[in-house]
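All of the numbers you see were taken from the coordinates with simple rules; none came from a lab. Note that this is a predicted model, so its numbers are computed, not measured. FYI the Cβ positions are ideal-geometry reconstructions off the backbone, even for glycines, and counts take in every protein chain you see.
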Amino acid sequence: MNGRTVHGYCAQCKARCGSVAVVSEEDVLLSVRADPDHPNHSFCVKGAAAPRFVHDPTRLRHPMRRTNPKTAADPGWERIGWDEALTFVARRMREIAAAHGPESVVFTRPAPGGSHAGDWSPFLDRLAAAFGTPNVMTTGHICSWGRSGGAAHTFGGGLPTAHYEDAATILVWGHNPAVSNVQTWRRIQRATRRGARLVVVDPRATGTTRRADLWLRPRPGTDAALALGVTHLLLARGYYDPEFVTWWTNGPFLVDTETGRLLRRDGRFVVSDGSDEHAVDVEADPSTWGVRPRLRVDRPGARSAFSLLAERAARYDPETVARLTGVSEVDLGRLADLLANGPVCYDTYNGVEQHTDTAQTSRALGVLYALTGWLESPGGNVTFSSPGGLPKLRTDSSRRLGLADRPLGAPRNGVAAYDVYDAALTGHPYPVHALVAFGGNALLQNGDTRRGAEALRSLDLHVHVDMRENPTARFADLLLPASTPWESPGLVTGFGGGPDTQTWAQYRAPVVPPQHESRPDVEILFDLAVRLGLGDQFWDGDVHAAYAAQLEGTGLTLDELRASPGGLRRPGRTLTYHRHTRVRGDGTVTGFATPTRKVELYSEAFLDAGHDPLPVHNDRSAAFTPEFPLTLTSAKLRQYTHSTGRSIPSLRTQAPEPFLEVHPDDADTYGVHDGAMVRLATASGAIRLRAKVSTSVAAGVVATQTGWWEACEELGLPGHDPFSADGANVNLIISNAVRDPISGSVPVKDYPCRIEPLP
Ligand SMILES: Nc1nc2c(c(=O)[nH]1)N[C@H]1C(S)=C(S)[C@@H](COP(=O)(O)OP(=O)(O)OC[C@H]3O[C@@H](n4cnc5c(=O)[nH]c(N)nc54)[C@H](O)[C@@H]3O)O[C@H]1N2
Ligand SMILES: Nc1nc2c(c(=O)[nH]1)N[C@H]1C(S)=C(S)[C@@H](COP(=O)(O)OP(=O)(O)OC[C@H]3O[C@@H](n4cnc5c(=O)[nH]c(N)nc54)[C@H](O)[C@@H]3O)O[C@H]1N2
Ligand code: SF4
Ligand SMILES: [Mo]
């Protein structure tokens with residue numbers, strides 16, 4: 001192919017693969033492939049489809065304003081100019097803030113996991129903060145909270161990164177990296193080739209389970225019971241690390257059996273060495289305590305957290321766990337044996353994030369992992385330092401929607417769509433009047449699609465910036481064309497995942513110029529900030545000055561990065577093993593950033609908020625009635641991120657239609673045939689899908705995908721009406737009413753349903 005080659009990285013999902021693009025003399029993007037010299041040197045079909053994403057004929061071309069009411073099927077888009085559009089938006093945002101407070105303006109973005117929002121979302125957060133609203137709507141409550149915000153209730157920060165390179169046993173729980181992250185999958189495959197054992201916990205057969213040495217297939221939503229069952233075996237068989245647990249967890253701390261609170265003496269926590277009880281200073285290096293705490297303490301009035309955990313876990317004996325989860329006693333024992341064979345690292349994701357007990361499941365997994373003792377060790381889960389980054393603006397988040405109801409949960413990080421819908425429609429706890437959306441597709445990707453549409457119709461101002469007019473954007477007052485990542489700049493100061501990639505930094509110059517009248521999100525954000533009078537917090541609109549600020553502390557300059565378009569290795573260390581044991585200059589020990597400075601086997605914060613301080617399984621079997629006996633779950637497809645990509649022929653040929661995986665026994669029971677259309681119904685409605693009869697799911701479980709709405713004209717494949725029972729929008733039939741009381745997650749991965757054949 002003729003043309004120039006341009007190095008960069010693909011930002012279409014968070015794998016962020018190093019890329020080499022070929023661009024014609026006319027600035028047409030001809031091809032994109034993996035950069036073999038980049039540490040993230042694998043690629044996927046979505047990245048390879050980049051030329052089509054850029055030059056897709058159905059892209060938005062210019063800013064547009066609605067001329068018809070929001071109840072009309074056709075918005076009556078009218079072309080306008082950028083200046084007019086952004087002047088209007090800034091004026092209306094200021095008016096609404098003056099009348100109702102800045103918190104009545106909500107910002108939103110697509111999930112960085114499946115979009116290029118990672119390139120610019122720090123600036124969106126900054127704009128929200130500078131404007132004075134605590135409300136950025138995200139899908140965090142069903143996406144990443146369990147392994148980031150939720151894990152903080154056990155580890156003090158998000159789940160440390162699995163260090164596959166040196167692991168002997170790799171535990172992947174509720175995650176399918178073979179589809180959802182090619183870089184993680186590359187690492188895991190390299191590790192298994194050198195002999196690491198792979199254990200996967202997933203109710204569905206996937207590319208990841210196919211490579212597993214041990215595949216456990218629990219019923220959806222029973223993961224906490226399974227984790228507690230393994231915990232029981234680790235404790236009963238002595239397969240835990242007594243040193244780590246004694247010195248670095250709050251296991252030895254005594255709990256008042258009356259109140260459930262940790263005992264304190266002069267503000268210090270109390271341990272027992274078997275003869276005496278001692279108050280210990282958790283800020284100090286525990287080797288200076290002068291006492292070796294016992295793990296099991298049971299005396300009248302007080303017991304150790306470890307004893308209480310052991311007692312809790314003993315409720316989950318193998319027979320009980322087999323009954324609750326469907327995992328055999330033999331397999332449960334095998335998993336315990338493999339965990340005894342370290343180093344062990346683990347990763348987890350959406351499979352355990354989308355349930356009514358996401359928070360307790362996150363804790364159950366964290367506690368189980370802590371017992372192995374491999375945290376922050378080579379081949380375990382480790383914390384990389386990340387120099388650089390945008391200085392954060394201080395804001396008051398106390399009025400953030402949802403935070404009063406779930407102070408420990410996902411609202412600490414972002415606002416759930418259902419709270420925005422409620423606020424817009426009921427005015428509770430205060431009204432929402434405006435939505436400023438840089439992408440995202442809330443109506444397709446959250447339950448209660450119809451209520452969501454009603455809420456969007458009620459807004460005084462709704463701006464949507466996107467490459468395409470998705471069904472959520474159709475309710476906007478203004479629709480503004482965004483550039484794809486290939487037309488936008490991007491800066492990464494560490495690619496994450498491993499020591500080789502976390503030290504890699506790269507500036508991506510736009511590979512081709514912005515198409516049509518589109519503009520990169522980062523430019524639009526800076527322009528809007530200046531028009532809102534917030535230019536002083538946005539480097540007076542100079543994006544590259546902001547990048548320079550982001551690079552402070554990295555030892556790199558923007559000029560160096562520009563001169564090395566494929567990226568370069570950042571100086572300095574990013575990984576220190578056993579960082580919790582480090583003693584600082586003032587004599588305090590690093591420890592963990594939890595209230596007890598230890599990994600929390602026992603969470604007093606949960607207790608104080610009215611929740612169980614120990615991990616517990618929430619039995620949802622009563623939700624499954626004779627009317628809705630089957631469990632509906634959902635998963636990602638290799639070809640698409642969420643609701644995007646269906647118009648791209650190279651992708652759509654590979655995954656042409658929405659489908660439902662059905663086990664042969666259920667197909668028999670309900671009269672469903674492979675390849676025939678089925679009606680999938682819940683208490684909230686029904687949709688139509690093509691049945692794929694297969695043992696990929698266990699009997700009693702059906703699985704589909706989200707995000708079906710767009711047509712592919714070239715292949716003659718239709719779109720799907722996301723509001724109709726003739727469509728395939730699974731979130732149309734999922735209600736947000738039942739939630740995890742702690743995190744606010746919704747059971748989109750274990751939802752009661754039934755199936756019927758369609759003529
Ligand atoms: N190709 C592609 N890649 C993506 C994305 C995409 O849309 N497409 N999205 C990105 C984003 S935002 C995210 S958050 C990640 C998500 O990445 P993943 O976590 O891999 O996403 P899922 O496929 O939703 O869920 C993972 C697995 O959980 C299993 N599962 C379902 N129910 C349960 C359960 O009850 N228990 C357990 N243990 N497992 C269960 C599913 O069968 C599935 O195989 O992927 C990112 N990468
Ligand atoms: N039932 C069920 N529901 C789910 C899930 C599930 O497994 N089951 N998964 C959940 C998960 S993990 C997630 S993360 C959410 C995803 O939810 P969302 O993030 O809302 O979904 P997307 O489809 O990725 O939204 C993409 C929209 O943003 C646009 N876009 C992409 N990148 C950019 C950009 O850089 N700039 C701008 N301006 N626009 C951009 C795209 O063109 C598209 O229109 O869905 C959640 N919903
Ligand atoms: S996995 Fe695919 S879409 Fe994601 S960054 Fe890599 S090439 Fe791009
Ligand atoms: Mo996600």
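Provide the packing ranking of 6-18, 732-744, i.e. peptides ordered by the mean count of other C-beta atoms within 10 Å per residue, highest first.
Ranking the peptides 6-18, 732-744 by packing returns 6-18, 732-744.
Quick one: putting +1 on the C-beta of Lys and Arg, -1 on the C-beta of Asp and Glu, what dipole do you get for segment 4-55 around its Cα centre, in Debye to the nearest 20?
300
Using 0.36 nm times the number of residues separating L715 and T395, minus their current alpha carbon distance, what extension gain do you get?
Length gained between L715 and T395: 110.3 nm.
Figure the gain on full extension for A737 and V28 (residue separation times 0.36 nm, minus the Cα-Cα span) and round it to one decimal in nm.
250.5 nm
Label 7 Å along Cα→Cβ of N2; segment 15-45 residues with amide nitrogen under 14 Å?
Backbone N within reach: 23-28.
Within the set of other residues whose C-beta is less than 12 Å from the C-beta of G566, count the net charge using Lys and Arg as +1 and Asp and Glu as -1.
+1
Just to confirm my numbers, what's the Cα centroid distance between segment 379-456 and segment 321-354 in Å?
Between the Cα centres of segment 379-456 and segment 321-354 lies a distance of 32 Å.
Explain nothing, just the number: relative contact order of segment 4-55, from Cα pairs under 8 Å at least 6 residues apart, as a whole percent.
29
Viscosity 0.890 mPa s, temperature 25 °C: what is the translational diffusion coefficient of segment 445-579 from Stokes-Einstein with a Kirkwood Rh over Cα pairs, rounded to a whole number of µm²/s?
Roughly 138 µm²/s, to the nearest whole number.
Could you tell me the distance between the Cα centroids of segment 130-162 and segment 259-295, to the nearest Å?
Taking the Cα centre of segment 259-295 as reference, the centre of segment 130-162 is 31 Å away.
So how far apart, in nm, are the two label points at D37 and S287 if each is 7 Å from Cα heading toward Cβ?
4.5
Given the -39500 (n - 2.57) contribution per DSSP H run of 4+ residues, what per-residue ellipticity at 222 nm results for the chain, rounded to the nearest 500 deg cm²/dmol?
Calculated mean residue ellipticity at 222 nm is -7000 deg cm²/dmol.
Once each part is reduced to its C-alpha centroid, what is the distance from segment 736-750 to segment 611-677 in angstrom?
Segment 736-750 and segment 611-677 have Cα centres separated by 17 Å.
With label points built 7 Å along Cα→Cβ from the Cα atoms of A623 and M677, find their separation and express it in nm.
My value for the distance between the label points is 2.9 nm.
Under 18 Å between C-alpha atoms is the cut-off here; go through the chain and count lysine pairs that meet it, provided they're at least eight residues apart or on different chains.
Lysine pairs satisfying the spacing and distance rule in the chain number 5.
Given contacts defined as C-alpha pairs under 8 Å and at least six residues apart, what's the relative contact order of segment 209-280, whole-number percent?
14
Calculate the FRET efficiency for E311 and S650 from the Cβ-Cβ distance with a Förster distance of 45 Å, rounded to the nearest 0.05.
The calculated FRET efficiency here is 0.20.
Could you give the spread of the C-alpha atoms of the chain along their three principal axes, from largest to smallest, in whole angstroms?
Cα extents, longest axis first: 80, 66, 57 Å.
With contacts defined as alpha carbon pairs under 8 Å and 6 or more residues apart, what's the relative contact order of segment 597-707 in percent?
Rounded, it is 30 percent for segment 597-707.
Taking amide H atoms as placed 1.01 Å from N in the peptide plane, list the residues 5 or more away in sequence, or in a different chain, whose amide H sits under 5 Å from that of D273.
Under 5 Å from the amide H of D273: H278, R294.
Which of the helices in the chain meet the span-like rule: DSSP H, Cα axial reach of 24 Å or more, Kyte-Doolittle mean at least -0.5?
Helices passing the filter in the chain: 82-100.
If you take the charge dipole of the chain about its Cα centre, with +1 on Lys and Arg Cβ and -1 on Asp and Glu Cβ, which of A98, P293, L60 is farthest toward its positive end?
The listed residue farthest towards the positive side: P293.
List, in order, the whole-Hz ³J(HN,Hα) value for each residue of segment 496-511 obtained from phi through the Karplus relation with A = 6.51, B = -1.76, C = 1.60 and θ = phi - 60°; use x for Gly and Pro.
x, x, x, x, 5, 9, 5, 8, 8, 10, 7, 10, 9, 6, x, 7
Pick out, from G76, A21, A424, the residue whose Cα sits farthest towards the positive end of the charge dipole of the chain, with +1 on the Cβ of Lys and Arg and -1 on the Cβ of Asp and Glu.
A21
Can you tell me the FRET efficiency between R52 and S564 if r is taken as the Cβ-Cβ distance and R0 is 25 Å, rounded to the nearest 0.05?
Calculated value: 0.30.
Percent antiparallel among DSSP beta bridges with both residues in the chain, to the nearest 5?
Antiparallel bridges make up about 60 percent of those DSSP assigns within the chain.
Ranked from highest to lowest mean number of other Cβ atoms within 10 Å per residue, what is the order of the peptides 140-153, 657-670?
With the highest mean Cβ count within 10 Å placed first, the list reads 140-153, 657-670.
Given the Cα-Cα distance of A509 and T695 and 0.36 nm per residue of separation, how much length would full extension add, in nm?
62.3 nm
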